[in-house]
1. Taking amide H positions as placed in the peptide plane 1.01 Å from N, state which residues far from Ile54 in sequence (5 or more) or on other chains have amide H under 5 Å from it.
2. So if I place +1 on the C-beta of Lys and Arg and -1 on the C-beta of Asp and Glu, and nothing else carries charge, what would the dipole magnitude of the chain be about its Cα centre? I want it in debye, nearest 20.
3. Let me have the 222 nm mean residue ellipticity of the chain computed from DSSP H runs of 4+ only, each contributing -39500 (n - 2.57), with the sum over all residues rounded to the nearest 500.
4. Taking amide H atoms as placed 1.01 Å from N in the peptide plane, list the residues 5 or more away in sequence, or in a different chain, whose amide H sits under 5 Å from that of Leu122.
5. Determine the relative contact order of the chain: mean sequence separation of Cα pairs under 8 Å and six or more apart, normalised by residue count, in whole percent.
6. Report, in degrees rounded to the nearest 10, the 0 to 90 angle that the Cα long axis of helix 14-27 makes with the longest principal axis of the chain.
7. Please list the non-local residues whose amide H lies under 5 Å from the amide H of Glu30, H modeled 1.01 Å from N, same-chain partners needing a gap of 5 or more.
8. Taking P(r) over Cα pairs in 10 Å bins from 0, in percent straight from the coordinates, which label in (1) 10, 39, 35, 13, 3, 0; (2) 11, 36, 29, 12, 7, 5, 0; (3) 10, 34, 30, 17, 8, 2 is the correct one?
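Where a number appears in this text, it was derived from the coordinates with a stated rule and is not lab data. Treat the numbers as computed from the prediction; the structure is a model and nothing was measured. Every residue, glycine among them, receives a Cβ derived from its backbone with ideal geometry; neighbour counts consider all protein chains shown.
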Amino acid sequence: MRNILVIGAGKSASYLIKYFLDKSSSENIEIIIGDLDLSNAKKLIGNHPNAKAIKLDIFDAIARKEAVKNADIVVSMLPARFHIEVAKDCLALKKHMVTASYVSPEMQALNEEAKAKKLIFLNEVGLDPGVDHMSAMQVIDRITRIWRKNDSF
């Protein structure tokens, strides 16, 4: 059985966790939800047999490394500024990592080491980047229509 560690059980993680739970049997995965608020993590998994919740303070380096060590892949649903310490643990412990956040300069600095270790660090996966791109295209299309109609701004 493969293990997926999801760090962070806030609102943006709930649909991801439900998706993993729905796929857990057919994909042979166990989902570990780590959050500072254990009751919130437990609420999201219910009594699902392929999931467990753990109390995880990401500022507790020992607990964080232990959680990462037991995973095959780590999904960080934390605010972007907290990904870097998780990413460093993933590098040290040779674990793949996924986030929904944009690539920060600190994450970019880890790129070569991740490649050398044949690890995937996948960022910008999720709703926010997609919404940003769609919003930008909507504005560009609106400006283009106005320009074509008026032949000027």
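1. Ile33, Gly34, Asp35
2. Computed about the Cα centre, the dipole is about 220 debye.
3. Details: 7 runs with 76 residues, N = 153.
When only DSSP H runs of four or more count, the value is -15000 deg cm²/dmol.
4. The answer is Met97, Val98, Thr99.
5. Numbers: 229 pairs, mean separation 28.3, N = 153.
Here the relative contact order equals 18 percent.
6. 60 degrees
7. For Glu30, whose amide H was placed from the backbone, the distant partners under 5 Å are Arg2, Asn3, Ile4.
8. After the calculation, the listed value that fits is (2).
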